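Engineer: Structure incoming, see below.
The values are calculated or read from the model by the stated rules, or taken from the named source; none is laboratory data. This one's a predicted model, so the numbers in the text were calculated from it and none came from an experiment. As a convention, Cβ positions derive from the backbone with ideal geometry for all residues, glycine included, and neighbour counts pool all protein chains shown. Surface areas here come from the heavy atoms of the whole protein model, side chains and all, with no ligands, DNA or RNA. Shrake-Rupley method; radii C 1.70, N 1.55, O 1.52, S 1.80 Å.
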Amino acid sequence: MCQLLNLLLATLSRVLFAVHGMVTVWRVVSVKGEPIYWLLLIGVGLLGVEMAVTLKCTQNGEWKWFSPMVFLYLSTVIPSIWFLELNLLQSKLSANASHGGTHDLPPNLPIPVQLFSNMLLNQELICLNPQNWAAGLEQTMLIVLVLGRWLMPKGDMSRDQLSQLLMVYVGLGADILDIFDTFKEPEVETNHGILLIGLSLFTWALMQFPLVLTQTKPHSSPLDVSFPSEAGKEPRLESPVGSGCVSCCSSEVWSLLVTVGMQDGPFLFYRLYLMARENVLNQLMIFFTCKNILIVMIEIYRIVVVQCEKSRRGRQQDHSNDAAERPREHFQTASLTQDKATLELPVRSVA
């Protein structure tokens with residue numbers, strides 16, 4: 001029953017990714033007018049092969065630290081968004097070159113015909129505006145990522161870990177979408193270099209989603225865990241801190257480092273550059289820059305706190321091990337002294 005449920009969930013999540021990927025690629029083909037862009041579907045086309053390999057090679061239907069399914073989906077969607085955004089930039093440059101690129105109507109038309117034509121033109125812009133298409137696909141991409149992560153098998157995660165991971169994904173997605181608002185600033189809306197930098201940061205930030213480092217660790221057990229003693233030996237004490245993997249940092253620290261290095265830090269430098277060099281100074285830009293600064297400071301503070309707590313626990317563990325070793329050494333010394341005295345007694349009797 002569990003395997004059947006994993007198969008159903010794995011199929012639903014991949015179908016969701018495939019449908020959204022196909023819609024995104026279709027939009028690129030319709031904008032570019034060249035069928036060669038259908039090759040972008042290779043990523044979602046491999047989802048079937050990936051599902052078969054994952055279900056066969058894993059016990060719970062999902063890999064532990066990396067999700068190939070999310071990576072294949074992003075390999076289709078991210079290039080499509082690049083093409084759509086670059087096409088929007090080209091349209092803006094063409095419109096500026098043609099003095100706005102407005103659709104002028106013949107001047108001799110009657111007023112009712114002009115009003116009716118303007119209504120149809122506005123309706124067309126609302127329904128088929130390329131900027132609305134691009135924004136809609138970008139927003140639904142992050143919604144699909146969250147829903148897909150929710151639908152796919154949990155793997156080794158508990159329900160508590162999965163719920164916290166989904167909330168982290170929602171927060172990451174909202175922050176990533178903010179970068180597209182910078183493309184609409186009048187100072188940089190036609191700047192090709194700024195667009196490339198922003199899309200590069202967008203791509204780099206999305207690479208967090210295939211990683212499962214953002215999942216929180218389960219509640220740790222007590223620091224010292226006693227194991228049953230072997231024959232003739234004292235119980236031994238061990239710490240569960242490093243039992244999962246041999247690493248200098250815990251999974252929470254790695255998660256914070258990934259967030260700072262792949263999203264909050266680069267976004268902060270990007271916004272500071274826009275404010276300092278491109279003179280993009282408005283209320284929203286200042287607010288999001290201050291928010292980035294505050295988030296980076298809090299994350300660095302959290303990393304320091306976790307590492308100090310880990311060092312303190314390590315010292316407590318060493319002290320507990322030393323305390324456990326002292327009675328054993330005393331017992332062994334006393335046993336050797338008693339055995340030596342027992343062997344010396346017959347020698348003295350013979351003498």
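Engineer: Condition first: under 25 Å from the mean Cα position of the chain (by Cα), open to solvent by less than 60 Å² (accessible area, probe 1.4 Å) and modelled with pLDDT of 70 or more. Can you find one or more residues in region 314-327 that meet it? Steps first, please.
Structural biologist: To start, the set of residues in region 314-327 that are under 25 Å from the mean Cα position of the chain (by Cα) comprises none.
No, region 314-327 contains no residue that is under 25 Å from the mean Cα position of the chain (by Cα), open to solvent by less than 60 Å² (accessible area, probe 1.4 Å) and modelled with pLDDT of 70 or more.
Engineer: Can I ask one more? Being over 14 Å from the mean Cα position of the chain (by Cα), in contact (Cβ under 8 Å) with a residue 40 or more places away in the chain and not in a helix (DSSP H, G or I), is that true of even one residue in region 164-184?
Structural biologist: no
The rows are residues; the columns are (1) more than 20 Å from GLY136 (Cβ to Cβ); (2) surrounded by fewer than 20 Cβ atoms within 10 Å (Cβ to Cβ).
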{"position": "LEU4", "(1), (2)": "yes, yes"}
{"position": "HIS20", "(1), (2)": "no, no"}
{"position": "VAL25", "(1), (2)": "no, no"}
{"position": "TYR37", "(1), (2)": "no, yes"}
{"position": "ILE42", "(1), (2)": "yes, yes"}
{"position": "LYS64", "(1), (2)": "yes, yes"}
{"position": "LEU84", "(1), (2)": "no, no"}
{"position": "ALA95", "(1), (2)": "yes, yes"}
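Engineer: Quick check on my filter: what residues within region 46-62 are part of a helix (DSSP H, G or I), open to solvent by 30 Å² or more (accessible area, probe 1.4 Å) and in contact (Cβ under 8 Å) with a residue 24 or more places away in the chain? Break it down into steps so the answer makes sense when it comes.
Structural biologist: Kept after step one, since they are part of a helix (DSSP H, G or I), are these residues of region 46-62: 47-57.
From what's left, open to solvent by 30 Å² or more (accessible area, probe 1.4 Å): 48-49, 51-53, 55-57.
Of everything in region 46-62, those that are part of a helix (DSSP H, G or I), open to solvent by 30 Å² or more (accessible area, probe 1.4 Å) and in contact (Cβ under 8 Å) with a residue 24 or more places away in the chain turn out to be GLY48, MET51, LEU55.
Engineer: Let me ask something additional. Residue by residue through region 63-100, note down the ones that are in a helix (DSSP H, G or I) and without any contact (Cβ under 8 Å) to a residue 24 or more places away in the chain. It would help to see each step written out before you state the result.
Structural biologist: Going residue by residue through region 63-100, those that are in a helix (DSSP H, G or I) are 68-97.
Residues satisfying the conditions are GLN90, SER94, ALA95, ALA97.
Engineer: Give region 292-308 a look and list any residue that's open to solvent by 50 Å² or more (accessible area, probe 1.4 Å) and farther than 13 Å from VAL253 by Cα, or say none. Before the answer, list the steps.
Structural biologist: Just the residues of region 292-308 that are open to solvent by 50 Å² or more (accessible area, probe 1.4 Å), to begin with: 293-294, 297-298, 300-302, 304-305, 307-308.
Those that are open to solvent by 50 Å² or more (accessible area, probe 1.4 Å) and farther than 13 Å from VAL253 by Cα: ILE293, LEU294, MET297.
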